[in-house]
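Worksheet for the structure shown next.
The values are calculated or read from the model by the stated rules, or taken from the named source; none is laboratory data. What you see is a predicted model, and the numbers here were worked out from it, not measured in a lab. Neighbour counts are summed over all protein chains in view; Cβ atoms, including those assigned to glycine, are modelled from backbone coordinates with ideal geometry. Ligands, DNA and RNA are stripped out before the accessible areas are found, and what is left, the full protein with its side chains, is counted by its heavy atoms. Shrake-Rupley method; radii C 1.70, N 1.55, O 1.52, S 1.80 Å.
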Amino acid sequence: MSPYPSLAGFVMKKPWLYNMLKPVANWYTNAAGYRQLGLRADDLIVEENEEVILALKRLPPQDSYDRVYRLRRAFQCSITHKLLPKEEWTKPEEDQPYLVPIIEQIKAENKEREALDSLTIVKNH
């Protein structure tokens, strides 16, 4: 399960709805401004959740380094009140989830652990 609610599955099943909402989604993503700072969508996930903290620990070293670099560069842009040059903006094809799949895996593990911990053994005599 995603850390944020989504209607993506429903929209993707309806081509007419997808075609209608795609321009709005593109506009919204551009208006959010995170790509102009060189960030990816998963960089915006709040790190106060136990599952997110664990997911960050599970990131491969290069992905972890890249995330820290993007966040520091965005922070520097924020301090100077400037955006990155257009050629350094995050391109839509680069903005792929890298943290959400790990978070979903952790949630599935926790759910399985809860199910196993709550099992009751019934003995037949």
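Quick look at the values:
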read-out: Elements of type helices (runs of 4 or more DSSP H) in region 2-65, at least 1 residues being farther than 20 Å from L99 by Cβ and open to solvent by less than 40 Å² (accessible area, probe 1.4 Å); value: 8-13, 15-32
read-out: Pairs with Cβ under 8 Å, 6+ apart, first in region 31-49 and closer than 12 Å to L71 by Cα and touching a residue at least 40 places away in the same chain (Cβ under 8 Å), second in a loop (DSSP other than H, G, I, E, B) and among the β-branched types (V, I, T); value: Y34/T90; R35/T90; G38/T90; L39/T90; R40/T90
read-out: Test: residue in region 78-99 that is part of a helix (DSSP H, G or I), open to solvent by 60 Å² or more (accessible area, probe 1.4 Å) and in contact with a Leu (Cβ under 8 Å, 6 or more places away or on another chain); value: yes
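Yes/no matrix, rows are residues, columns are (1) under 17 Å from the mean Cα position of the chain (by Cα); (2) assigned by the TED database to the domain that holds P101:
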| position | (1), (2) |
| --- | --- |
| M20 | no, no |
| A25 | yes, no |
| D42 | yes, yes |
| N49 | yes, yes |
| V52 | yes, yes |
| L56 | yes, yes |
| R67 | yes, yes |
| R70 | yes, yes |
| I79 | no, yes |
